[in-house]
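The values are calculated or read from the model by the stated rules, or taken from the named source; none is laboratory data. Please read these numbers as outputs of a predicted model, since none were measured by experiment. Heads up, the Cβs are rebuilt from the backbone with ideal geometry, glycines too, and the neighbour counts pull from every protein chain shown.
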Amino acid sequence: MRHLVLVLGDQLDANSSAFDGFDPAQDRILMVEARGEGERVWSHRARTVLFLSAMRHFADDLRARGWPLTYHTLDDAPQGGLVEVITHYLHRYSPAALVLVEPGEYWLEAALRELSATAGCRLELRLDTHFIVSRADFLRWAKGYKQLRMEFFYRHVRKQTGVLMDGDEPEGGAWNYDAENRASFGKKGPGLVPAHEGFHRM
């Protein structure tokens, strides 16, 4: 097998960079429902149900395309955490590379780097195109600052992209309205929100 393409539950997009160059004749997709993930960080049952439902619907879409897919459910063996289950499939398929979009959690990226080295396969992390800037963009910016502050990065990105900008100045004349947002409603509280056209009071 050339590529085992890992699709994480928060990366359900058929246009994802994980599928760039995907070849059904050489590659296979892996999706994992890991019981250990529901226990590692607390999550409301309703959120978990929606998360798993989204994964299963996406898996159905991939099957409809005729793409080779291994979908590991909560009832399948082996049980355990995400990394343990991925380990099982790396040994089963022995791909030349494990391919996925950059995970949103650093602990997982670190674990996959260690796992791929142990399993003797290359780890290929691809850019998450759902964000305006990449991690590399942030790291380049961060090198110029001793203290990292979101406000500075926020302004940098707006200037770089032109989003919410009017030429070289911020749209509306201010970079943010934090001071106004922190203002008190006073003793009377916020009061009633005025009715807008198209809405009716209950």
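Please pick out the residue among A97, A111, A59 that is touching a Phe, Trp or Tyr at 6+ places or on another chain (Cβ under 7 Å), closer than 25 Å to D13 by Cβ and not basic (K, R). Spell out the reasoning first.
On the way: A97 fails: touching a Phe, Trp or Tyr at 6+ places or on another chain (Cβ under 7 Å); A111 fails: touching a Phe, Trp or Tyr at 6+ places or on another chain (Cβ under 7 Å).
Selected residue: A59, the only one of A97, A111, A59 that is touching a Phe, Trp or Tyr at 6+ places or on another chain (Cβ under 7 Å), closer than 25 Å to D13 by Cβ and not basic (K, R).
Which of (1) without any contact (Cβ under 8 Å) to a residue 40 or more places away in the chain; (2) within 28 Å of R135 (Cα to Cα); (3) among the charged types (D, E, K, R) does D75 not meet, given it meets every other one? Unmet condition: (2). Of the residues making up the stretch 58-78, those that are in a loop (DSSP other than H, G, I, E, B) and not hydroxyl-bearing (S, T, Y) are R65, G66, W67, P68, L74, D75, D76, A77, P78.
Could you tell me which residue of the stretch 34-51 is surrounded by the most Cβ atoms within 10 Å (Cβ to Cβ), considering only residues that are touching a residue at least 40 places away in the same chain (Cβ under 8 Å) and assigned to a helix (DSSP H, G or I)? I'd like the intermediate steps shown before the answer.
Residues of the stretch 34-51 that are touching a residue at least 40 places away in the same chain (Cβ under 8 Å), as a first pass: 34-37, 40, 51.
The next check asks that each one be assigned to a helix (DSSP H, G or I); those that pass are 35-37, 40, 51.
Values: R35: 16, G36: 13, E37: 21, R40: 12, F51: 17.
That would be E37.
When you scan the stretch 104-199 for helices (runs of 4 or more DSSP H) that lie fully inside it, which ones turn up with 1 or more residues that are under 30 Å from F19 (Cβ atoms)?
Details: elements: 106-119, 135-142, 150-161, 178-181.
Qualifying helices (runs of 4 or more DSSP H): 106-119, 135-142, 150-161.
Summed over the stretch 26-46, residues that are modelled with pLDDT of 95 or more and farther than 22 Å from A77 by Cα total 2.
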